[in-house]
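Below is one structure, written out as structure tokens; comments come after it.
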Amino acid sequence: MIVAIDGPSGTGKSSTSKAVAAKLGLSYLDTGAQYRAITWWMISNGVDVTDADAIASAAGKPSIVSGTDPSHPTITVDGVDASGPIREQDVTAKVSAVSAVPEVRARITELQRSIAAGAENGIVVEGRDIGTTVLPDADLKIFLTASPEARAARRSGELKGADVHATREALIKRDAADSSRKTSPLAKADDAVEVDTTDLTLQQVIECVVTLVEEKRAAT
Ligand SMILES: Nc1ncnc2c1ncn2[C@@H]1O[C@H](COP(=O)(O)OP(=O)(O)OP(=O)(O)O)[C@@H](O)[C@H]1O
Ligand SMILES: Nc1ccn([C@H]2C[C@H](O)[C@@H](COP(=O)(O)O)O2)c(=O)n1
């Protein structure tokens, strides 16, 4: 069972995917963490992230390893735990530019496909282009959405007191960059089930996705 969960930032992809994978005994892959990891490596190694050629030349250098246990997902870069630094503001501000470079996408997509192929009990893979490009033959594709206001409120709560208006603007800017890039943009696959999470609790979204997976399992 391969489940692809895509959607814009703050729609609940990570929280939902981890919980669904844990409940159903599946592996879990956070592909955003991989793009963040390569971005962190570029910044740490002095690569100019406004220079697409420089990013492309360096794209093959870092070794990125993702742990796929949903109760303890991990990510290392060249053997170093990167789970903290990849969430820093500087990485968040630069990840859309780095992830738009085709050589970066080719490298990370190959990694994602090999992780999915090796997941013996099945996997939930979440990101922006999983249903459209990375795993177009996934058994189930889900596209999560939510209003910008709901997403900003969720993120501000997480960032403890962050300005909701500024958070909303930052989310919208990153979604616009991710949706408008030429290579494999953020998009809903034609055969994805869209779930609007604006007025749902996280628990309701998890239950909805678990039901969709169970229905798919029963039908195959
Ligand atoms: N339905 C929901 N209702 C309320 N809060 C939610 C809901 N879904 C997720 N959240 C909360 O919103 C925040 C963002 O969720 P999450 O990180 O899962 O989103 P995401 O889509 O993976 O975002 P990103 O793409 O930026 O990583 C978290 O604090 C999470 O607990
Ligand atoms: N499949 C993916 C996953 C992520 N990205 C890029 C675009 C996002 O803004 C960024 C960070 O993702 P997040 O941690 O917020 O889920 O990574 C992508 O291009 N493709």
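Brief remarks on what is shown
- When the pairs Lys13/Lys61; Lys94/Lys173; Lys141/Lys173; Lys23/Lys216 are compared against a 18 Å limit on Cα-Cα distance, Lys13/Lys61; Lys141/Lys173 fall above it.
- Rolling a 1.4 Å probe over the heavy atoms of the protein chains gives the chain an accessible area of 47 Å² per residue.
- Our summary gives the chain a relative contact order of 33 percent, counting only alpha carbon pairs under 8 angstrom and 6 or more residues apart.
- Neighbourhood charge, 10 Å Cβ-Cβ cut-off, centred on Ala21 and excluding it, Lys, Arg +1 and Asp, Glu -1: 0
- When the helices of the chain are scored as -39500 (n - 2.57) per DSSP H run of n ≥ 4 and the total is divided over every residue, the value at 222 nm lands at -15500 deg cm²/dmol.
- Judged by the ratio a/c of the largest to the smallest principal axis of the C-alpha gyration tensor, the range 104-220 counts as oblate, that ratio being 1.5 or greater while a/b is no larger than b/c.
- Per atom type, the chain shows carbon and sulfur on 52% of its accessible surface, probed at 1.4 Å.
- Given R0 = 22 Å, the distance between the Cβ atoms of Ala117 and Ser63 translates into a calculated FRET efficiency of 0.70.
- Potential lengthening of the chain between Lys23 and Leu202 amounts to 63.0 nm, from the contour at 0.36 nm per residue minus the alpha-carbon distance.
- Summed residue charge, Cβ within 14 Å of Ala82's Cβ, Lys/Arg positive, Asp/Glu negative: -3
- Cα pair count fraction exceeding 23 Å, expressed as % - the chain: 44 percent
The values are calculated or read from the model by the stated rules, or taken from the named source; none is laboratory data. Since the model is a prediction, treat every value here as computed from it, not as a measurement. Cβ: placed from backbone, ideal geometry, glycine included. Neighbour counts: every protein chain shown. Just the protein is used for accessible areas: all its heavy atoms, side chains included, with ligands, DNA and RNA removed. Shrake-Rupley method; radii C 1.70, N 1.55, O 1.52, S 1.80 Å.
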